[in-house]
Every structure is written in C-alpha cells, then in structure tokens.
Amino acid sequence: MDLMIMSVLFFLHVVTVKCNPGPLVDVVVDRYEIPKVCPREVQTEDFIRYHFNGTFFADGQKFDSSHDRGKAFISQVGLGRLITGMDRGLQGMCVNERRRITVPPHLAYGSIGTGGVIPADAVLVYDVLLLDIWNAEDKVQIRTINKPAGCKRTTVASDFVRYHYNGTLLSGEAFDSSYSRNTTYDTYLGQGDLIKGMDEGLMGMCVGERRIVIVPPFLAYGENGSGTLVPPQATLVFEVLLIDVFNPKDDLIVEVKEVPKGCTRRTVTGDYIRYHYNGTFQDGTAFDSSYQRNSTYNTYIGMGYVIRGMDKALQGLCIGEKQRITIPPHLAYGEEGVGDLIPGSAVLVFDIYVIDFHNPKDPVAVKVTHKPQECNVTSEADDLIQYRYNCSLMDGTLLYSSDQYNSPSTTTLGAKMVILGLEEGLSGMCVGERREVVIPPHWGHGENGAGGVPRSAVLFFELELVELQKGVPEGYMFVWLGDGPDPLFPAMDLNGDKEVPLEEFSSFIMIQVKEGKGRLRPGVDADSIIKDMFNNQDRNQDGKIVEDEMDEESEQVIRDEL
C-alpha cells in the first residue's frame, strides 16, 4: 500500500493540471480503479499485456480498441516502443488496475498525426486495463501455502508425480483446473514433459504440500500461448497440491510399528495369513479398509494372490505385528489403477495388523503349562472327561469359555463330539494338567468357520483337565479289566439259589465295577445299561436268568456284551 501511495504522489507530481483552459503540458493519469493488493508495479523495461480503448479528447470518438480486435496489446515500457505519453502513463500501474491516461499532442503524434487515423494536434485518451507484467530477468516464483510436518521426502528430477492444480492468468482469470476434471495431472519431473516453469516449481515438494507457482511467459507458453485459454506472453499462476510421488527405482518402504514379544515364528512363502488393514493414498485419503467390512483379508503368501508389493511385504511377519507399508505403483496396480477405486500410477499405503497365519501342513501345537507330580492315568480314546477351557483368536479375542457355564465341559474322546484339534489337545492329559493348544484351521473349523469363529481362523485354547473316567471301546457297555469269572453263572448267582433276577444281576455288575474288575461305559445311566444287558440274557423274559440260559454260546455272548 505504501508503494501505491508513493506511485500516486509521483504521478500527482509529474502531472500538470491547470485550472484555466489551455493546452496540456504533461500526461494526465486518472487511476479510477485500483486493486487492493498490488504486489508489483510497472517499471521501465517491463513487458506488459493490457486492454485499452482509445478516444479523442475533443469529441470522445473512438479511434482504436484492443477489445474490438479481441486481443490484448503487448509491449515493453520505457524504451520508446510506445508513444511517450503512454510510456509515462503506464508507469507504476498494477495488474487489474484501470486508468484513464490523457496524452497531449506533443507526447503523442504531434502536429502531424498518423495514418489518417490521428489528426494533427489531437489530445488522446486511453482507458487501460492492465492484465500482465513480466521482465526478462524474472524467475519462477514459489510461495508455500502449507507444508505437512514430518516431510520425509521431496520431489526430484525423474520422479513421477500426481498433483491437483488451479491455473489462472496473472489477472485472476481461470484457464484450467484438474479439479474440474476430477483427476490429477500425472507426469514425470525434469524430463521436458511440462512447461519449464512448472518443472521448476514442482521441485522439492512434499506430498500434501500446497504451493503457489508463478511462471513468467518465457518459461510457460511464450509468444504462442496455448489454444484459446492461454493468450500469448501470459504469466501463469498455479495453485498446486501434491498428491503423490514415487520414483521408478523405488522399492517397498516398510515401517515397523509394533512387534509382539516372544515371536517364535515368522511368515514364509506358502503360509496362509489373515490380517486387517487400512489402505490410503500418500495424502491420507482412504480407499479401502478390512475393518469397515468387519472381516480380515485372508490369502496365501508369495503365490501371486495379492499385488507384488503386498506379497513381498507379508513375508517375515509375526502374529500380532503391525506395519506401515508404502508400495509404489509398479509393485501395485501400475499405470492402469483399478476402476474408480485406485487411480493410475498411485502409491498405496497400507497399515496392516497380522491376526494369525498357518501353513496347511501345520500340526496341532501343544504346550504343557502345568503338570501334577503324580500322573499315572492319562486321557485317551473312549474316556469321558471334564475340562475347562478358554477359546480365543490369536489376537487375544475371546470367543468361548467354559466359565460362561455352570460346570466344566464334558466329552468322550474319540466320539467326534469336538473339533479334531481339540481332541488332539485333550489327549494324554492328567487330571489337573493345564495346556496351551494352537489349532490351525484344517484341524479346527476350516475355511468356512463356524458360529462366532471366522473363516480360516487359527484357534488358541487354554485347557485344564478336571475329571477323567476311563471309557470302554465303541460298541461295548461294559468291559472286564482282566479275565472275568469262569464259569460265569455261579459267580452271578450271589445267593446260590440257581436263578439270577435283575436285582442280583445288577449287584453282581456293580461289585465288579467297585472292585476294579470291570468298567461300565461312562456318561451313560448305569441302571439302563445293566437292564439292557439283563434283558438280552433273559431269553424267556420271565424276569430271571437261570443256568440253562447260560450255555457255552450264551456265556460267550454275555462276555462279549460285558
């Protein structure tokens, strides 16, 4: 504003205005429209581009107009390329300023006039609108509007960049915008694919940085302009936002955020992994998230099921590890992108969290965390057991627990009542023993999962064996633990009256169980088992077994049934 005031004072000093009628001595300048902001004023040797209407002072008749020609006038100031009055009258002018410049004959075309258009001794009036100023010494001007904190990389020659821009002339008139096309401008830097000034103006930028880049005409489109939107010798102003940058030589960038303690195994080719991720572009714009779908991304590693960069990044990870992975486009979706989701040549940033992984060849992993000093009897097939458990995902998410119920869980081993991996984990345990068991999905609920269990999930069980009842083989209700009585009937006839009713038969069986000579199938009502056994031998259904019903063949049958 001080420069503006000084300019006005200067012109007030050089312009002579006489109150009495008479010939003009010098140029008269009327600055009737001055912009609020004037970063630069016209000086000698500057080039300018302006529109004007030229009229005669005497009658207001028009003699020339750049508006009528549809093309702004371009010239250099102060070197005699204009009439002297205009050379003086344009000094100190701002872009978008409007002036009325009155020029006396001796500073215009004098007593001769010119070309039959300007008569002798004509006072000329020019209404001028200044559109542009530049100088041969001008350079690209760069002004940073904002710059993100923690900028780790800036653009250099040979980088490929994606950026948004609004392009205007120095007067503020818009000529182009990437936003209006809803697509970034994508190009290599420093290889002549851009105007020279833009190539220079984009150097040293960070992703997310916003700049104003002012490019003089000779570093833009010069004398020819560009189509109908950029006139010849136009200074260009670009407001630029850098969206993305990479170099064709770039590899993955991996930033480890968190590694759990006690990592004993890392992913390798052929493993199957489940992980969560947030996917963004370099400027932070999100394009995808497994969390939003409430489902992990599941895939094999190193087998081409995911983009090359991700296949590489998923190697060597621990369960529970968190990483930020930056993948250049030549290791992602390349120049084509993916529909409306991933633009061409986009750098992708993934924040991943490994939930679990396994190999299709993995066995059930059993770790004993506590074992009683006395462990003479261990669980095996056909045993009836009671056990406590917590079932979690490998990230610690609790799925099920026996603590949710009034009593421990009960199962018969080998009866296919629980998943195969849990059968494996419960086998060979002592009462009071505790274990941690990791069950890969092919030993668990497989690719389809189950109620509350995600697809292909590795399960983590904390187990404690509470009670163990030894079982009998499949198809048997009772077994002898050693050789049974021979002959059998006298042993069954406890009172020696030559007949064995149900009550006596039941007493006989229960004595064998109590003395450890025989075993009933656990988990089934004993009275029901014994009654079924009795009915099978009471052939005439008279409510008692006699010795005649216990011939050699019958005795063998009852031994087999028992």
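The values are calculated or read from the model by the stated rules, or taken from the named source; none is laboratory data. Nothing here was measured: the structure is a model prediction, and the numbers come from that model. Because the Cβ atoms are built from the backbone with ideal geometry, glycine has one as well, and the counts that use them run over all protein chains shown. We work out accessible area using only protein heavy atoms, side chains counted, and drop any ligands, DNA or RNA first. Shrake-Rupley method; radii C 1.70, N 1.55, O 1.52, S 1.80 Å.
Annotations for the structure displayed:
- Calculated mean residue ellipticity at 222 nm for the chain: -4000 deg cm²/dmol, from DSSP H runs with n ≥ 4 weighted as -39500 (n - 2.57), summed, divided by the residue count and rounded to 500.
- A dipole drawn for region 335-463 from +1 and -1 charges on Cβ atoms has a positive end, and of GLY444, LEU413, ALA346 the residue lying farthest that way is LEU413.
- Extension gain (nm, one decimal) between LEU494 and ALA120, 0.36 nm per residue minus Cα-Cα: 119.1 nm
- Sum of side-chain charges, GLY414 neighbourhood, beta-carbon under 9 Å (Lys, Arg +1; Asp, Glu -1): -4
- Reported to the nearest whole Å, the Cα centre-to-centre distance from region 346-388 to region 268-294 is 27.
- Each other residue within a Cβ distance under 15 Å of ASP383 adds +1 if Lys or Arg and -1 if Asp or Glu, for a net charge of -3.
- At R0 = 41 Å, FRET efficiency that the Cβ-Cβ distance of SER177 and SER401 yields, to 0.05: 0.10
- When region 233-310 is described by a simple charge dipole with +1 on each Lys and Arg Cβ and -1 on each Asp and Glu Cβ, the residue from ALA286, PRO248, THR296 located farthest towards its positive end is THR296.
- Gain on full stretching of the segment that runs from CYS375 to GLN315 - 0.36 nm per residue minus C-alpha separation: 17.4 nm
- Taking the protein heavy atoms of the chain in the context of the full set of protein chains, the accessible area attributed to carbon and sulfur is 49 percent at 1.4 Å.
- Excluding ligands, DNA and RNA, the accessible surface per residue across region 365-469 is 52 Å² with a 1.4 Å probe.
- Residue-by-residue Karplus 3J(HN,Hα) for region 377-392, coefficients 6.51, -1.76, 1.60, Hz, glycine and proline x: 10, 10, 6, 8, 3, 6, 6, 9, 10, 10, 8, 9, 7, 10, 10, 10
- Across region 149-162, rounded Karplus estimates of 3J(HN,Hα) from the backbone phi angles (6.51 cos²θ - 1.76 cosθ + 1.60, θ = phi - 60°) give 6, x, 6, 9, 8, 10, 5, 9, 4, 5, 5, 9, 10, 10 Hz, Gly and Pro being marked x.
- Fully extended contour minus Cα-Cα distance, from LYS196 to SER289, at 0.36 nm per residue: 29.5 nm
- Under 5 Å from the amide H of THR411 lie the amide H atoms of ILE385, each residue being 5 or more positions distant or on a separate chain, with H modelled from the backbone and absent for Pro and chain starts.
- Distance histogram for region 69-152 (every C-alpha pair counted, 10 angstrom bins, percent rounded to whole numbers): 14, 35, 25, 11, 8, 4, 2
- Dipole magnitude of region 478-549 about its Cα centre (Cβ charges: Lys, Arg +1; Asp, Glu -1), debye to nearest 20: 380 debye
- Nearest-10 value in Å² for the accessible area of GLU335, using the 1.4 Å probe: 150 Å²
- Paramagnetic reach from ARG69 in region 88-124 [backbone N under 15 Å; point 7 Å along Cα→Cβ]: 115, 117-118
- Charged side chains reduced to their Cβ positions (Lys and Arg at +1, Asp and Glu at -1) give region 148-291 a dipole of some 680 debye around its Cα centre.
- Using the average count of surrounding beta-carbon atoms within 10 Å as a protection proxy, the listed peptides 436-445, 249-258 rank, highest first, as 436-445, 249-258.
- With the simple spin-label model, which puts each label point 7 Å out from Cα in the Cβ direction, the THR154 to VAL254 separation comes to 3.0 nm.
- Couplings 3J(HN,Hα) for region 339-347, derived from phi with the Karplus relation 6.51 cos²θ - 1.76 cosθ + 1.60 (θ = phi - 60°), are x, 8, 8, 10, x, x, 6, 8, 7 Hz, where x marks Gly and Pro.
- SER66 exposes around 0 Å² of accessible area when a 1.4 Å probe is run over every protein chain in place.
- Pair GLN61, MET417: separation of 7 Å Cα→Cβ label points (nm): 11.7 nm
- Span from the region 199-252 Cα centroid across to the region 86-148 one, whole angstrom: 29 Å
- R0 of 51 Å, Cβ-Cβ distance ASP486-LYS367: FRET efficiency to nearest 0.05: 0.60
- Within region 74-118, backbone nitrogen closer than 20 Å to the virtual label 7 Å beyond the Cα of THR168 toward Cβ: 93-99
- 5 angstrom amide H check on SER65, placed H, neighbours 5+ away: GLY54
- Charge sum, other residues only, whose C-beta stays under 9 Å from PRO522's C-beta, Lys/Arg counted +1 and Asp/Glu -1: +1
- Straight-distance crosslink candidates among lysines, where the alpha carbon sits under 27 Å from LYS470 and sequence neighbours closer than 8 are dropped: LYS367, LYS371, LYS416, LYS514, LYS517, LYS531
- Longest to shortest principal axis, alpha-carbon extents of the chain, angstrom: 163, 41, 37
- Projecting label points 7 angstrom from Cα along Cα→Cβ for GLU33 and ARG265 puts them 7.8 nm apart.
- Only the Cβ atoms of Lys and Arg (+1) and of Asp and Glu (-1) were treated as charged; on that basis the dipole of the chain about its Cα centre amounts to roughly 4640 debye.
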